[in-house]
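A short worksheet on the structure shown next.
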Amino acid sequence: MNLEELTKYYDFSGKTIVITGGAGILGGEMACALVGCRASVAVLDRDPKLFDRFVNRIDTSVGKCIVVYGDVLNRDVLEETAKKIIEDFGRIDILINAAGGNNPRASTSADRSFFDLPTDAVRFVFDLNLLGTIIPSQVFGRYMAKQGEGIIINVSSMNSFRPLTRIPAYSAAKAGVSNFTQWLAVHMAQEYSPKIRVNAIAPGFFLTDQNRFLLTEEKSGELTDRGRQIVSHTPMGRFGNPEDLLGTLLWLMSPASAFVTGVVVPVDGGFSAFAGV
Ligand SMILES: NC(=O)c1ccc[n+]([C@@H]2O[C@H](COP(=O)([O-])OP(=O)(O)OC[C@H]3O[C@@H](n4cnc5c(N)ncnc54)[C@H](OP(=O)(O)O)[C@@H]3O)[C@@H](O)[C@H]2O)c1
């Protein structure tokens, strides 16, 4: 191994990468970086217009990018979207399942006890995170099974290791994502090809639109009590920046991790290692 060989590992020329939730904060950051690494990226989202936030950072003189409509819970729509991506790019090499998130109605609070959490809100969170990872893996994974190679990266959470207070549905759903990551890694390797790898990233705490006003005060921008607790339990003493995920993502997608499958990698500033004392 030398520097030239190592650099080639991170050149994704000719690789097609589908990112669900690709117009979101973390997915969008990944899309920008991957186009910059010469990939052909399909940004898939139920609101593709959101990706306009990133458009001026996409360097199409280096890689390629299309933005396509897709609902991760609608298999028929995803099948059609997959055909469109194949028409444009010819194959599907890598799937990043980044669509996901919580719903405030599925969180406990002073006004909403666990006993009163509406079933439809709990189901929404389970579906979005778990089914929303399983269904795209079925649709896009089938192409990988036919090719005999491919990579799937799921996005789990700190909640999958130990649940945080207040968010039972999100925690259980993300634990499901981590468990499914292991299951699918074994299944793909044994039933289809050991060249199909499935791994997950478990981000720590990143300030995004979903959690901004849970972690910081809307008016002052100061940390909330919960935000302060999180930072004080993060040995590196800060929230993550979206670009903090990129090194792990690129490693899991590159031949540098050719013998790695079924793992969930925390990118959390040490949060999951810290006992709090
Ligand atoms: N931010 C964090 O600290 C953190 C920590 C751990 C894990 N994560 C996980 O990281 C992933 C990305 O989160 P993020 O912070 O970047 O959130 P985000 O900005 O809300 O991105 C999620 C994207 O998924 C889209 N989406 C929602 N439902 C969809 C559906 N049914 N089909 C297709 N797309 C759909 C969203 O669109 P809409 O805006 O229209 O809903 C949004 O563009 C999620 O899985 C999240 O759970 C985030």
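The values are calculated or read from the model by the stated rules, or taken from the named source; none is laboratory data. On a predicted model such as this, the values are computed, not experimentally measured, just so you know. Virtual Cβ from ideal backbone geometry, glycine too; neighbours counted across all protein chains shown. To get the accessible areas, we keep the full protein, side chains included, count just its heavy atoms, and leave off ligands, DNA and RNA. Shrake-Rupley method; radii C 1.70, N 1.55, O 1.52, S 1.80 Å.
Computed from Cα positions, the angle between helix 168-191 and the longest principal axis of the chain comes to roughly 20 degrees. Dimensions of the range 52-91 along the principal axes, based on C-alpha atoms and rounded to the nearest Å, stand at 32, 24, 8, largest first.
Applying 1/(1 + (r/R0)^6) with r as the Cβ-Cβ distance of W183 and R228 and R0 = 30 angstrom yields a FRET efficiency of 0.25. Taking the chain as the region of interest, the number of lysine pairs whose Cα atoms are within less than 26 Å, with members eight or more places apart or on different chains, is 22. Residue by residue, the range 205-212 carries 3J(HN,Hα) couplings of 10, 10, 6, 9, 4, 5, 10, 3 Hz when phi is fed to the Karplus relation 6.51 cos²θ - 1.76 cosθ + 1.60 (θ = phi - 60°); x denotes Gly or Pro. The simple Förster model, with R0 at 25 Å and r as the Cβ-Cβ distance, assigns D120 and T165 a FRET efficiency of 0.65. Calculated on the alpha-carbon coordinates, the convex hull of the range 197-277 measures out at 103 cubic angstrom per residue.
For helix 132-147, what angle does its Cα long axis make with the longest principal axis of the chain, in degrees from 0 to 90 and rounded to 10? Helix 132-147 sits roughly 20 degrees off the main axis of the chain. The portion of the accessible surface of the range 211-259 made up by carbon and sulfur, rounded to a whole percent, is 55 (1.4 Å probe; DNA, RNA and ligands excluded).
Just to verify a number: FRET efficiency for V260 and L131, C-beta to C-beta distance, R0 = 22 Å, to 0.05? Computed FRET efficiency for V260 and L131: 0.30. Radius of gyration over Kirkwood radius for the chain, both on Cα atoms: the Rg/Rh ratio is 0.96. How many nm separate the modelled label positions at I66 and S272, each set 7 Å beyond the Cα in the direction of the Cβ? Label-label distance for I66 and S272, simple model: 3.5 nm.
For the range 166-208, the share of alpha carbon pairs falling in successive 5 Å distance bins from zero is 5, 20, 20, 20, 13, 11, 7, 3, 0 percent. The phi-based Karplus calculation (6.51 cos²θ - 1.76 cosθ + 1.60; θ = phi - 60°) puts the 3J(HN,Hα) values of the range 68-74 at 10, 6, x, 10, 5, 9, 10 Hz, whole numbers, x for Gly and Pro.
Placing a pseudo-label 7 Å from each Cα along the Cα-to-Cβ vector at D59 and L73 gives an inter-label distance of 3.8 nm.
With a Cα-only, solvent-free Debye model of the range 99-202, what are the log10 I(q)/I(0) values at q = 0.13, 0.23 Å⁻¹? Reported log10 I(q)/I(0), two decimals: -0.50, -1.10. Take every DSSP beta bridge whose two residues both sit in the chain; close to 5 percent of them are antiparallel.
Spin-label model, Q138 to Y10: label points 7 Å out along the Cα-to-beta-carbon direction sit 3.7 nm apart.
Given their separation in residues at 0.36 nm each and the Cα-Cα distance between them, K83 and K49 gain 10.2 nm when the chain is fully extended.
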